[in-house]
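Asker: Below is the structure I would like to discuss, written out as structure tokens.
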Amino acid sequence: MATTVAERKLLLGGEWIETGEWVEVRSPYSGELVARVAKGGADETRRAVDAAERTMREPLPAHKRAEILVKVAGALGRRHDEVARTISEEAGKPMKAARVEARRAMSTYTFAAVEARKLAGEMVPMDASQAGEGKLAFTLRRPIGIVGGISPFNFPLNLVAHKLAPALAAGCAVVLKPASQTPLSALLLAELEEEAGLPAGWLSVVVGKASEIGDVLIEDERVAALTFTGSGPVGWKLRERAPKKRVNLELGNATPVVIEADADLDAAAQAMAANAFAFAGQSCISVQRIYIRRDAYDSFLERFLPRVEALKIGDPADEETDVGPLIDEDAHTRILEWIGETKGRVLTGGEATDEGLIKPTVIAEPAPGDKVSSEEVFGPVCTVSPYDSLDQAIQLANSTRYGLQAGIFTTNIRTALEAAQTLEFGGVTINEGADRRAARRHRSLGGFRGTSLGGTDYVSPSPPELRKTLQARC
Ligand code: NAP
């Protein structure tokens, strides 16, 4: 039974419960109270794991899992306005971007429903060795067990969907801990799963103190897999503390994009202006470092800067807004400090508007050690720097400890393929903003330089492959 919009209970083992304590969810734009959510902790998390263990004793058949997933996709479509508004209100995400996220979550559930019906083992070619001659062997794909999911604030619906939908497709119960700043979309999704027929115990959502809930998920041996999306330090610590579990980490990036002189500069400028500043740059694959061939540097800036300055900054509830607030005051202060410290030149932005929103900021030629180019900004800031050779551009792009996604704009196929091979990132986009991703099963097999893309593979066995995703606009 769902609670009211203003006060949300936790879903625990099939019951919506109050705990006597509350977490307040405030609008990052106005500071107003959006809702109060029941606050859970270690006890609630243990109860959720108990319920998950009980419920997994009676597996849900694939057709039932697929049916639930399809129904959730349908409900996300029917309740699109409510879903997008929930994302926007709790995360301060402009409605334009919130609508995109809500539609992506529909795809996530749809893909998961397809996967649920397709999960199958494979034949092992036994006669490949002499000892196997005359023998027959095949693998069975079995649910790995209870999945503990931990999600960040910036895609409060679709990154929760990335945890829940594939786990259900694989037949695993989930105990979810959404970000404390944005638990409402997760609770709404839980409500939709329940309405779609998910039996009690298959999903519990615990909102509250991260370390308390996290400790139970790490220490309880019944939780077989952890899927975490968030910042590097938290993610790596989780993995270190859970050596016996499968741990999928989706971490941060300082996304580079290389723009060659032969590229369509209008298209590149358009894509960069949109991708660097959507949701105020609070996306793991937000474009942050743009490297432009020196011959094309001025021409690119002539096209890029007016587009950045034309972005509409303001109220995320306004359907026309492009850039809204940052998630909280700490992020606001940190980013203004980083802009203040840079040795580069601020070409536009660099300050807050009268209503306190950081303007889309472009910084030319920062020093290599400047935080705006060496750390993940996670704000509406990007840098532009010229280069003289492709080798130099690749070297600059690779000079980071992150490795999630990168991009290149060029009309030369040889250059594009060379960059795809040498950019040391899990995904490389060609003539696209680097924020494009394919939400298919291969995402879970991606990963490069320690930044694995996770969340969709909970069946065992599955080889930890390293694969590169090449996405090109044809
Ligand atoms: P975060 O601070 O690391 O938080 C992520 C989640 O971890 C939240 O639910 C948080 O809970 C929880 N958490 C914090 N400390 C914990 C602990 N000790 N034990 C267990 N859980 C703990 O990240 P964020 O600021 O929400 O998100 C931004 C980061 O996520 C960026 O670095 C971004 O690049 C990354 N990200 C990556 C991807 C990707 O696909 N690779 C996608 C989106 C975001 P509380 O909210 O309660 O603190």
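Asker: So which residues in the range 39-82 are under 25 Å from the mean Cα position of the chain (by Cα) and under 19 Å from LYS209 (Cα atoms), if there are any at all?
Answerer: Residues satisfying the conditions are LYS39, GLY40, GLY41, THR45, ALA48, VAL49.
Asker: Scan the range 14-31 for residues that are more than 26 Å from the chain's Cα centre (by Cα) and not polar (S, T, N, Q) and jot them down.
Answerer: Once the filter is applied, which keeps residues that are more than 26 Å from the chain's Cα centre (by Cα) and not polar (S, T, N, Q), the range 14-31 yields GLY14, GLU15, TRP16, ILE17, GLU18, GLY20, GLU21, TRP22.
Asker: State all residues of the range 141-157 that are of a type in the set (Gly, Ala, Ser) and near the ligand (Cβ under 6 Å from one of its atoms); if no residue qualifies, say none. Talk me through it step by step, then tell me what you get.
Answerer: Taking the range 141-157 and keeping what is of a type in the set (Gly, Ala, Ser), we get 145, 148-149, 151.
Result: SER151, single match.
Asker: Taking the range 225-241 as the search range and keeping residues that are small (Gly, Ala, Ser) and in contact with a strand residue (DSSP E or B) (Cβ under 6 Å, 6 or more places away or on another chain), which one is nearest to the ligand (Cβ to nearest atom)?
Answerer: GLY235
Asker: Among the numbered criteria (1) closer than 30 Å to GLU329 by Cα; (2) within 16 Å of the ligand (Cβ to nearest atom); (3) crowded, with 16+ Cβ neighbours inside 10 Å; (4) modelled with pLDDT of 95 or more, which one does ILE285 miss?
Answerer: For ILE285, the failing item is (4).
Asker: Can you tell me which residue in the range 123-152 is nearest to THR45 (Cα to Cα), limited to those that are without any contact (Cβ under 8 Å) to a residue 12 or more places away in the chain and among the polar types (S, T, N, Q)?
Answerer: Only one residue tops the list, namely SER129.
Asker: Something else about it: Starting from the range 107-120, keep only residues that are in contact (Cβ under 8 Å) with a residue 60 or more places away in the chain and within 15 Å of PRO143 (Cβ to Cβ), then list their pairs with residues that are of a type in the set (A, V, I, L, M, F, W, C) and not in a helix (DSSP H, G or I) whose Cβ atoms are within a distance under 9 Å, requiring at least 6 positions of separation or different chains.
Answerer: Sorted first by the residue in the range 107-120, then by its partner, the pairs are LEU119/VAL459.
Asker: Looking only at the range 35-74, how many residues end up being surrounded by 20 or more Cβ atoms within 10 Å (Cβ to Cβ) and farther than 28 Å from VAL223 by Cα?
Answerer: Counting residues in the range 35-74 that are surrounded by 20 or more Cβ atoms within 10 Å (Cβ to Cβ) and farther than 28 Å from VAL223 by Cα gives 1.
Asker: One residue is enough: does the range 398-410 have a residue meeting the conditions crowded, with 20+ Cβ neighbours inside 10 Å, of a type in the set (A, V, I, L, M) and under 23 Å from PRO233 (Cβ atoms)?
Answerer: yes
Asker: State all residues of the range 141-159 that are surrounded by 24 or more Cβ atoms within 10 Å (Cβ to Cβ), within 25 Å of GLU53 (Cβ to Cβ) and not hydrophobic (A, V, I, L, M, F, W, C); if no residue qualifies, say none.
Answerer: Answer for the range 141-159, where residues must be surrounded by 24 or more Cβ atoms within 10 Å (Cβ to Cβ), within 25 Å of GLU53 (Cβ to Cβ) and not hydrophobic (A, V, I, L, M, F, W, C): GLY148, GLY149, SER151.
Asker: Still on this structure, please answer the following. Quick one: ARG307 ticks every box in (1) at pLDDT 95 or above; (2) in contact with a helix residue (DSSP H, G or I) (Cβ under 6 Å, 6 or more places away or on another chain); (3) under 18 Å from SER373 (Cα atoms) bar one, so which box is it?
Answerer: With (1) at pLDDT 95 or above; (2) in contact with a helix residue (DSSP H, G or I) (Cβ under 6 Å, 6 or more places away or on another chain); (3) under 18 Å from SER373 (Cα atoms) applied to ARG307, the lone miss is (3).
Asker: If you don't mind, there's one more thing I want to ask. Right, LEU301: in contact with a strand residue (DSSP E or B) (Cβ under 8 Å, 6 or more places away or on another chain), in contact (Cβ under 8 Å) with a residue 24 or more places away in the chain and within 30 Å of ASP81 (Cα to Cα) or not?
Answerer: Criteria not met by LEU301.
Asker: Could you tell me which residue of the range 6-25 is surrounded by the fewest Cβ atoms within 10 Å (Cβ to Cβ), considering only residues that are within 23 Å of ALA317 (Cβ to Cβ) and in contact (Cβ under 8 Å) with a residue 40 or more places away in the chain?
Answerer: Ranking the qualifying residues of the range 6-25, first place goes to VAL23.
Asker: Right, something else. Scan ALA173, ALA190 and give me the residue that is touching a helix residue (DSSP H, G or I) at 6+ places or on another chain (Cβ under 6 Å) and either among the small types (Gly, Ala, Ser) or within 13 Å of the ligand (Cβ to nearest atom) (or both).
Answerer: Just one listed residue meets the conditions, ALA173.
Asker: Within the range 100-108, can one find any residue that is of a type in the set (S, T, N, Q), part of a helix (DSSP H, G or I) and out of contact with any strand residue (DSSP E or B) (no Cβ under 9 Å at 6 or more places or on another chain)?
Answerer: Within the range 100-108, one or more residues are of a type in the set (S, T, N, Q), part of a helix (DSSP H, G or I) and out of contact with any strand residue (DSSP E or B) (no Cβ under 9 Å at 6 or more places or on another chain).
Asker: A follow-up question, please. Please verify whether ILE358 is under 27 Å from ALA310 (Cα atoms), touching a residue at least 12 places away in the same chain (Cβ under 8 Å) and away from the ligand (no atom under 16 Å from the Cβ), treating the condition exactly as stated.
Answerer: yes
Asker: Sticking with this structure for a sec: Please indicate, with yes or no, whether at least one residue in the range 289-311 is within 16 Å of the ligand (Cβ to nearest atom), closer than 26 Å to GLU432 by Cβ and surrounded by 14 or more Cβ atoms within 10 Å (Cβ to Cβ). If you could, list the steps in order and put the result at the bottom.
Answerer: Narrowing the range 289-311 to residues within 16 Å of the ligand (Cβ to nearest atom): 289.
Imposing the further condition that a residue be closer than 26 Å to GLU432 by Cβ reduces the set to 289.
After this cut, where a residue has to be surrounded by 14 or more Cβ atoms within 10 Å (Cβ to Cβ) as well, the list is 289.
Yes, the range 289-311 contains a residue that is within 16 Å of the ligand (Cβ to nearest atom), closer than 26 Å to GLU432 by Cβ and surrounded by 14 or more Cβ atoms within 10 Å (Cβ to Cβ).
Asker: Given the conditions (1) of a type in the set (Lys, Arg); (2) over 30 Å from LYS9 (Cβ atoms); (3) within 16 Å of the ligand (Cβ to nearest atom), which single one is not true for LYS209?
Answerer: Among (1) of a type in the set (Lys, Arg); (2) over 30 Å from LYS9 (Cβ atoms); (3) within 16 Å of the ligand (Cβ to nearest atom), the lone unmet condition for LYS209 is (2).
Asker: Is there a residue being in a helix (DSSP H, G or I), crowded, with 20+ Cβ neighbours inside 10 Å, free of Cβ contacts under 8 Å to residues at least 24 places away in the same chain and among the hydrophobic types (A, V, I, L, M, F, W, C) anywhere in the range 77-85? Even if it seems obvious, please write down each step before you answer.
Answerer: In the first step, residues of the range 77-85 are kept if they are in a helix (DSSP H, G or I); the result is 77-78, 80-85.
After this cut, where a residue has to be crowded, with 20+ Cβ neighbours inside 10 Å as well, the list is 83-84.
Restricting the remaining residues to those that are free of Cβ contacts under 8 Å to residues at least 24 places away in the same chain gives 84.
This time we only want the ones that are among the hydrophobic types (A, V, I, L, M, F, W, C), so: 84.
Taking every residue of the range 77-85 in turn, at least one turns out to be in a helix (DSSP H, G or I), crowded, with 20+ Cβ neighbours inside 10 Å, free of Cβ contacts under 8 Å to residues at least 24 places away in the same chain and among the hydrophobic types (A, V, I, L, M, F, W, C).
Asker: Could you list all residues from the range 116-158 that are assigned to a helix (DSSP H, G or I), touching an Asp or Glu at 6+ places or on another chain (Cβ under 8 Å) and aliphatic (A, V, I, L, M)?
Answerer: Result: MET126, single match.
Asker: While we're on this one: Does ALA42 satisfy the criteria of being closer than 18 Å to TRP16 by Cβ, at pLDDT 95 or above and small (Gly, Ala, Ser)? If you could, list the steps in order and put the result at the bottom.
Answerer: Values: closer than 18 Å to TRP16 by Cβ: no; at pLDDT 95 or above: yes; small (Gly, Ala, Ser): yes.
No; evaluated as a whole, the condition is false for this residue.
The values are calculated or read from the model by the stated rules, or taken from the named source; none is laboratory data. None of the values given here were measured: they were computed from a predicted structure. When we count neighbours, we look across all protein chains shown, and the Cβ atoms used for this are built from the backbone with ideal geometry, even at glycine.
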